[in-house]
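Report on one structure; see the data block that follows.
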Amino acid sequence: MINRVQGSGFRVQGLRFLWLLALMTVTAAIAGSGQCLAQDLAVRGETVYTMAGEPIRNGVVLIRGGKIEQVGPEKQVKIPAGYKTLTARVVTPGLIDAHTTTGLSGYLNQPGEQEQVEKSAPIQPELRALDAYNARERLVDWVRGYGVTTMNTGHGPGTLVSGQTMLVKTKGATVESAVLVPSAMVAVTLGGAGFADAGKAPGTRAKQIAMLRAEFIKAQETLRKQETATTEDKKPTRDLRVEMFVRLLKRELPLLVTAHRSYDILSALRLAKEFNLRLILDGAAESYLVMDEIKAAGVPVILHPTMYRSTGEAENLSMETAAKLIHAGIPVALQSGYEAYVPKTRMVLFEAGAAAANGLTLAEALGTITMQAAKILGISDRVGSLEIGKDGDVVLFDGDPFEYTSHVKGVVIEGVLVSEETH
Amino acid sequence: MRYRLLLVAVCLLFGWTAQAQEKPQAYVGAEILPITGPPIPNGTLIVHRGKIVAVGPAKSVTVPADAERVDVTGKVLMPGLVDSHSHIGGTAGGDGSAPLQPDARVLDSLNVRDAGVQKARAGGITTVNVMPGSGLLSSGQTLYLKLRSGGTIDELLLRDEQGTILGGLKMANGTNSIRTAPMPGTRGKSAALFRELFVKAQDYREKIRRAEGKPDQLPPRDLALETLVEVLNGKRVVHFHTHRHDDILTVLRLQKEFGFRVVLHHVSDGALVAKEIAAAGVPVSLIVIDTPGGKLEAVNSSIGTGLALEQAGVLVGFHTDDSITDSRLFLRAAALAVRGGMSREKALFGLTMANAKILELDKRVGSLEVGKDADFIVLSGDPLSIYSKVLQTFVEGVKVFDRSNPKDYLLAVGGYGASHDQVMHLDCYDDGGDQ
């Protein structure tokens, strides 16, 4: 659903080479990761959740050159000589956190590592996640230890338009080596969490939507001028802010709207309809009240963490919302989100587990942090399931992945065993 | 509406809260986890007039002829959970006018109709220590509650044999209570202010002793110092918020100097000073969260702390610190501690009996033993499994939460209106009025 890297100075193809180069030169930089070079791997599991069909009993996943080479029952898939073999009770695809600020916000919660919101102006879509992501942040390491291999991270809720998000792998010592999609979404916050300080705009919901509509109307005019300009010099001058709204109008990337109240969700749908935007709802505590409208609009939901605090505008959240939405046919991914105090990040593994305990099957719940998340983020050709040709991103568990008393025993990203510690 | 009013009237007639049944009740068929003994695969629990009168294997417990039998086959039955540190009921963190406010009481500030109180029942919590915050060195007196059904604070209080309302005193060191004036700005100053307070209290106590009961010789009443005298006399436990290893040791140093009884709360660096804590014989009320602690002094918060403390021989109870963690997810603390290596036995102990000891209520609650209060929960399965649900919660034999009741279900999982204050929670009303 998300267009890859258009005119933003990045080429995904080249990144793999850069990644290998970085690995060869800074192997020591990836602390505690054991081995760093991709090698041919065979991951055996008593149960392998491929997320593309039924789970495989006594399955094996072969990874060669960082990509999945073969998946199937052990009887059918021979492990070639020279492959390093890893074994676990349960094997899943690498987990995907569909919305976080990890890497912009940090483990210690100190000033200087809290880059997720810029309060100087209410509308700043030009702020790129790329320019604020600390690939060496301990919090990235932490979530990776619990199986997260892909994240949609960037500017978080807190201002009307806080900036961009990007898609990264939880690997590498530089943002360049981690990034999958450098400009993934533009983050908008509706309702109280998106109000400016007292006396400044926006201070009300109506003003929020009026300000957004004004931006899109300005972008429409810019787009018209660009298209009708007969010569280069008649084209409007570049404006980073307007450019992002133009890209949204051109449906190059979606608007990620954080809204908890049902009427804020409806405002987001109204805005998306007026300007023909690609919309993803985020948070969406009261989404169960407006499922018909969300479904009719064909909009996916990146739902609040199942165990999110039921306070403020999220006071009416339910632990059963993921189940309600999914059973209504609405695509759902789960997120860790962002909270100002404790915790510094949530673990999507546990949030999906709580969803599994509240109305979802294990496979449905696992889908919210693997394949469904990959589809909503528009990267299901790369990640989200264990299928031939996809990235060799795998998590190894010693039991039911959702039981608190189970452990993550290993994490593989693109054929590299990036975490061997027990979590 | 008229029907409902009639029901309320009926409730009033038979007493405001539902009363424990006159007939004994026998819960049969469940796996019983008594906590102070091994699990009983097919157990029988008999309760009467709010107390446990028998508990044991079905074979060895005779169900009285007049008992009401409740079949709980396939379920797990364990003591009501005891939370040694919570902030339910909408109580304030503390009054920011001064760093030491031991005269302020949670008693005077708790809303028992707050949705959080019923959510705690939904989480299986039956006894709770409600604390003021950690933003001051001492933000006041804590309150021990039984989560009985009731619309007033008085109905939930725990009292000793003399009728004294039970609770502790909150204290806090480290960064939360370090602020701009009039608050202390450093750790050294924080400790000095504590010592000054204790010295004043010693002096006050001495004046009272010398007065030998003669009213004209007693010092003028001082609510703050009176509270501290209770602490010095061992009648009130200090619940000390403390994270960093050096702050923990400061608490132990103060404790040694002034001889008060203390519980260490949160204890993020517990693994670093486990030996010292064990040597001091001081119990720990531990927070277990699944992610980093969110501030510098809590950076070592880990699911492995329970194991380190267990290995050192420290008495470890868990707490929710609600709303830091949700009371409905309290069982999770123990499960995560087991993930971190703690034994299953000590983890379940930490949800119940350890906290009963920490709150000095272990003669009344914390385990399923004859003579104790009939506080218990019925679970759909293993308490440490994410898939298990608290189905029912009983306090002193009275059901205070029932997942099959739509109103309680709303509180248990959330939904529209689930976080609004409760207008009234009457089982009598709920059971009859809406079904």
With Cα atoms, 0 to 90° folded angle of helix A:205-228 axis to chain A main axis: 90 degrees
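Roughly how many Å² is the accessible area per residue of the protein assembly as shown, as a whole number, for a 1.4 Å probe?
39 Å²
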Estimated dipole of chain A in Debye, rounded to 20 [Cβ of Lys and Arg +1, of Asp and Glu -1, Cα centre]: 860 debye
Residues along region A:297-316 losing 20 Å² or more of accessible surface when the other protein chains are present rather than the chain by itself (probe 1.4 Å): A:307, A:309, A:310, A:315, A:316
Paired Rg and Dmax values of region B:367-408, which use every Cα atom, in angstrom: 11.5, 33
Given 10 as the ceiling on other Cβ atoms within 10 Å, longest exposed-site-free region of chain B for GluC sites (Glu not before Pro) in DSSP loops: B:213-435
Degrees separating the helix A:240-249 axis from the principal Cα axis of chain A, which is the longest one: 80 degrees
Rg(Cα) / (2.2 N^0.38 Å) computed for chain A, rounded to two decimals: 0.97
Chain B: most fluctuating residue of B:246, B:269, B:66 per GNM, C-alpha cutoff 10 Å: B:66
Extended-chain gain in nm, criterion 0.36 nm per residue less alpha-carbon gap, residue A:84 and residue A:174: 29.7 nm
Accessible surface of region A:93-189, 1.4 Å probe, proportion on carbon and sulfur as whole %: 46 percent
Charge sum, other residues only, whose C-beta stays under 9 Å from residue A:350's C-beta, Lys/Arg counted +1 and Asp/Glu -1: 0
Dipole of the protein assembly as shown [Lys/Arg +1, Asp/Glu -1 at C-beta], most positive-end residue of B:211, A:180, B:65: A:180
Total accessible area lost when A and B pair, probe 1.4 Å, Å² to nearest 100: 3400 Å²
Gaussian network model of chain B, Cα within-10 Å springs - most flexible of B:399, B:256, B:346: B:256
For chain B, size of Cβ-based charge dipole, Lys and Arg +1, Asp and Glu -1, in debye: 440 debye
Computed magnitude of the charge dipole of region B:184-316 (debye, nearest 20; Cβ of K, R +1, Cβ of D, E -1): 380 debye
GNM top mover of A:234, A:78, A:171 - chain A, alpha-carbon springs below 10 Å: A:234
Selection from B:39, A:305, B:53, by position along the positive dipole direction of the protein assembly as shown (Cβ): A:305
Taking all pairs of distinct alpha-carbon atoms in region B:81-358, Kirkwood radius in angstrom: 18.9 Å
Gain upon complete extension [residue B:209, residue B:275; 0.36 nm per residue less C-alpha separation]: 20.0 nm
Label-zone membership for region B:49-85, site residue B:23, 7 angstrom Cα→C-beta point, backbone N under 12 Å: B:64-70
Euclidean distance of C-alpha centroids, region B:58-89 and region A:397-423, integer Å: 37 Å
Estimated FRET transfer efficiency when R0 is 45 angstrom, pair residue B:233-residue B:296 (beta carbons, to 0.05): 0.80
Region B:172-254, Cα convex hull volume normalised per residue, Å³: 99 Å³
Between 0 and 90°, nearest 10: helix A:262-275 axis offset from chain A longest Cα axis: 80 degrees
Potential extension, residue B:165-residue B:370 segment - 0.36 nm per residue separation minus Cα distance: 71.3 nm
Per-bin percent of Cα-Cα distances, the protein assembly as shown [10 Å]: 2, 12, 20, 23, 20, 13, 6, 2, 1, 0, 0
19 Å Cα-Cα reach of residue B:214 towards aspartates and glutamates, excluding residues that sit fewer than 8 places from it in its own chain: B:203, B:206, B:222, B:226
Qualifying trypsin sites (Lys or Arg not before Pro) in region A:242-279, DSSP loop, other Cβ atoms within 10 Å at most 15: A:250, A:251
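The values are calculated or read from the model by the stated rules, or taken from the named source; none is laboratory data. Because the structure is a prediction, the values reported are computed rather than measured. Cβ atoms come from the backbone with ideal geometry, glycine included; neighbour counts cover every protein chain shown. These area figures cover heavy atoms from the full protein model, side chains too; ligands, DNA and RNA do not enter into them. Shrake-Rupley method; radii C 1.70, N 1.55, O 1.52, S 1.80 Å.
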